[in-house]
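The values are calculated or read from the model by the stated rules, or taken from the named source; none is laboratory data. None of the values given here were measured: they were computed from a predicted structure. A quick note on method: Cβ atoms are made from the backbone with ideal geometry, for glycine too, and the neighbour counts reach across all protein chains shown.
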Amino acid sequence: MKAKPRIAICGVGHIGKYHAREFVRAGCDVVAILGTSATRVNERAQMLKDDFGVTVTGYDDVNTMFQKEMLDAISICTPPNAHRKYIEVAIKEQVGVFVEKPFITNTLDNITVSRDLLSHATSQNLIVGMNTQWAFIAPYLHELVHGDIQSFGMRMAPPGFRGEGLLLECVPHFSSVLIALCGVGELQNTSFKTCTDDHIVFVGEYISHGKNIQIEFDWERKESRPTDVHFSVNKRTFIRHAANRGGKYIQALQHDGCETLIPDFLEESIKNFVDCLQNKKTPFVSSECIITNMTIQEHIMSLFGKT
């Protein structure tokens, strides 16, 4: 029997605590958390114990954590501007990396830096994954929509984000689904139909494997949870519906008067990373997908900066 992978969570805020839960469910030992202060770390360690029965050692210094812990991977759930720092430390310490989207931000050349980080990790046989969990809906959409993808749209309305923050929250998700559905490609003839701090509509074409896919992405600020998530494939609409049924959180795609149950894609994303970590396989969101995702992100962010 393989030993349980030992995982540290860097940043245990809202999403970080759910990473901890899902890594435990995937058969890992979450042994450490990293935060910004001893007080914050102690609070979060107690929260994990109370909510999920997970006992961890807390650290407020990443180097101390690596000196004291034997880790197989870290999960990075910090604000995006800290991602690069922790990816670099993990590669130096020769452990795997699972990082929340976006992969990195705030460098002079995010794409080149991302390529260098991924290349360095690959040269050391390290597994690097990025959590854009909505990519895992692609097989369900393919099954429901037969034939080639001619058009794809996605609407997301998350609470609390505006302007550039809204883009950084939403763009990696739509890019990951687009790539998973249609393959690696590039954008052409893009523009904003709507562009305000609270509502952005982006349109264009995506060229992949010689095919031209019409795309439209709609991002809007929402006041409260849950995040609205809608998909459009070949002009058929699929709406994510979430509900608590009998004490269990259930998600489904509503379409054509029907309902198709779907899993928790954060769970699927982390299970995939753990499988790849244990068996040295390529993650579903591969390095090539990460770079394409980053390229789309940079294109849209640049266009947004010019409006």
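Inside the range 1-96, counting only strands (runs of 3 or more DSSP E) that do not spill past its ends, which hold 1 or more residues that are over 27 Å from residue 118 (Cα atoms) and of a type outside the set (Gly, Ala, Ser)?
On the way: elements: 6-10, 29-34, 57-59, 73-76.
Once the strands (runs of 3 or more DSSP E) in the range 1-96 are filtered for at least 1 residues that are over 27 Å from residue 118 (Cα atoms) and of a type outside the set (Gly, Ala, Ser), what remains is 57-59.
Listed here are the residues, each with its yes/no results for (1) closer than 29 Å to residue 295 by Cα; (2) not charged (D, E, K, R).
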site: 25; (1), (2): no, no
site: 57; (1), (2): no, yes
site: 79; (1), (2): yes, yes
site: 103; (1), (2): yes, yes
site: 106; (1), (2): yes, yes
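Looking only at the range 238-257, which residues are exposed (fewer than 13 other Cβ atoms within 10 Å of the Cβ) and either within 19 Å of residue 138 (Cβ to Cβ) or in contact with a strand residue (DSSP E or B) (Cβ under 9 Å, 6 or more places away or on another chain) (or both)?
Step one: list which residues in the range 238-257 are exposed (fewer than 13 other Cβ atoms within 10 Å of the Cβ), which gives 243-249, 256-257.
Listed by number, the residues that qualify are 243, 244, 249, 256.
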Hits in the range 97-132 (condition: surrounded by 22 or more Cβ atoms within 10 Å (Cβ to Cβ), in a helix (DSSP H, G or I) and not aliphatic (A, V, I, L, M))
114
When you scan the range 285-300, do you find a residue that is part of a loop (DSSP other than H, G, I, E, B), at pLDDT 95 or above, outside the structural domain of residue 197 (by TED's automatic domain parsing) and touching a Gly at 6+ places or on another chain (Cβ under 8 Å), even just one?
yes
